[in-house]
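Here's the structure, in structure tokens; my notes come after.
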Amino acid sequence: MADHEAAQPQNDPELKSQLEHHFRQTFELPWQRLTGGYESDVWRVGELVVRIGPAWRTDAELGWIHDLVRHCAATIPEVVAPLDAVDGRTWFRWQDRPVLVLPFVPGEQLNRDDDHQMQQAARLLARIHRAGLQWPGKRPRPALSATAPPTPAGQIDLTSIVDAELDDWYARVFQREPHVQGPVHGDYYRANLLCVDGQVTGIIDWDESDLRPLVTEIAWAMWEFTHNAAGDDLDVARAARFLEAYRAEHDVLTDRDRPSLVPLIRWHLREEVRRSLAAEQRGEEVDLGYRHAEIRAFNALWQRDLG
């Protein structure tokens, strides 16, 4: 059991007292543990959600994330923003861990196999990107704390993911070309999109949000929502519909961006494989089936043309 789980927050009178002081709400038992929240403990308390993050998440990061989320929530009803505390902040610290409160949004994770829901996801992503470009506070995200857990991809390469041509393209072409830079959600996939009766009702978990070329998130979101059931190839027809829905809502893709989409997917796939290899080397548990599917996808997408 992790140290933060041993704290049993739902039974801690100090935490309950601080929550009620900061948010002027009642946080009585029972608290219902929610799934997800890989770096946080997430609890439903009535019509509220209490989210208790890791101690290594800095105040500077939280301020940046919450500023972005609240800006997007002002024009996008699906964005679930943290509530204001009485002191005007959106979190406080309990046992050095940041605690925030959000409204509870019902729903199940998006069904990526449903074409209508997939296209809703594309349009919502476009609206998030459009709002992000209008964020008055747009600025680089503060650096991670020195105590943040390691997530290095490392340089451990299997023969099956070596591609000097891709390396050359990324260094000599993609990184030297101008691209529209803006805030991204950072973890835009089905589990972070809530749906009721086939309609997207919420987008959650902005912990990985950042400021970078928007095309990088468009590419990976296209992969997340339109790869085949085995996760080892792209459904090109569905990918085209995803892009069409995104561009109908907000078109930031330039003529040079479209040819970059598949190479960027392959770049991301390889980085995920490298992170898996590095985690395995550190003795952590990894999903070998998922890794092998990503390796197959990396090779299946070589010279794939979206048309």
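Hey, any idea what the orientation-averaged projected area of the convex hull of the range 13-167's Cα atoms comes to, in nm²?
In nm², the orientation-averaged hull projection of the range 13-167 is 13.1.
Based on the alpha-carbon gyration tensor of the chain, what equivalent-ellipsoid semi-axes (square roots of 5 times the eigenvalues) come out, in whole Å, largest first?
For the chain, the ellipsoid semi-axes come out as 34, 23, 19 Å.
Between residue 39 and residue 8, what is the FRET efficiency for a Förster distance of 22 Å, r being their Cβ-Cβ separation, to the nearest 0.05?
The calculated FRET efficiency here is 0.75.
Can you pull out the trypsin sites (Lys or Arg not before Pro) in the range 196-276 that DSSP calls coil and that have at most 14 other Cβ atoms within 10 Å?
Here the trypsin sites (Lys or Arg not before Pro) that fit, given the DSSP loop and packing criteria, are 256.
Could you give each residue of the range 239-251 its phi-based ³J(HN,Hα) in whole Hz, using Karplus coefficients 6.51, -1.76, 1.60 with θ = phi - 60°, and x for Gly or Pro?
Taking θ as phi minus 60°, the curve returns 4, 5, 5, 4, 5, 4, 5, 4, 6, 5, 8, 6, 10 Hz for the range 239-251.
log₁₀ I(q)/I(0) of the range 136-250 at q = 0.11, 0.20, 0.22 Å⁻¹, via Debye over equal Cα point scatterers, no solvent, to two decimals?
The Debye formula, applied to the Cα set alone, gives -0.52, -1.55, -1.56.
Would you mind counting up the charge near residue 71? Only other residues with Cβ under 13 Å from its Cβ, with Lys and Arg at +1 and Asp and Glu at -1.
Surrounding charge for residue 71 is +4.
Hey, could you pull the Cα Rg and Dmax for the range 3-104, both in Å?
Answer for the range 3-104, Rg first and Dmax second: 13.0, 39 Å.
Based only on Cα atoms, what mean projected area does the convex hull of the range 99-155 have, in nm²?
Its average projected convex-hull area is 7.9 nm².
Rounded to two decimals, what ratio of Rg to Rh does the range 250-307 give with C-alpha atoms and a Kirkwood Rh?
Checking Rg against Rh, the ratio lands at 1.12.
Given C-alpha coordinates of the range 202-307, what is the ratio Rg to Rh with the Kirkwood estimate of Rh?
0.99
Using DSSP to define loop residues, name the trypsin sites (Lys or Arg not before Pro) in the range 23-118 whose beta-carbon has at most 14 other beta-carbon atoms within 10 Å.
When the trypsin sites (Lys or Arg not before Pro) of the range 23-118 are filtered for loop state and at most 14 Cβ neighbours within 10 Å, 24 remain.
Before rounding to the nearest 500, sum -39500 (n - 2.57) across all DSSP H runs of length at least 4 in the chain and divide by the residue total; then give [θ] at 222 nm in deg cm²/dmol.
One gets -12500 deg cm²/dmol as the mean residue ellipticity at 222 nm.
If r is the Cβ-Cβ distance from residue 247 to residue 74 and R0 is 22 Å, what FRET efficiency results, to the nearest 0.05?
Computed FRET efficiency for residue 247 and residue 74: 0.40.
Cα centroid distance between the range 164-229 and the range 117-143, in Å?
10 Å
Every number in this text was worked out from the coordinates using simple rules, so none of it is lab data. Treat the numbers as computed from the prediction; the structure is a model and nothing was measured. Virtual Cβ from ideal backbone geometry, glycine too; neighbours counted across all protein chains shown.
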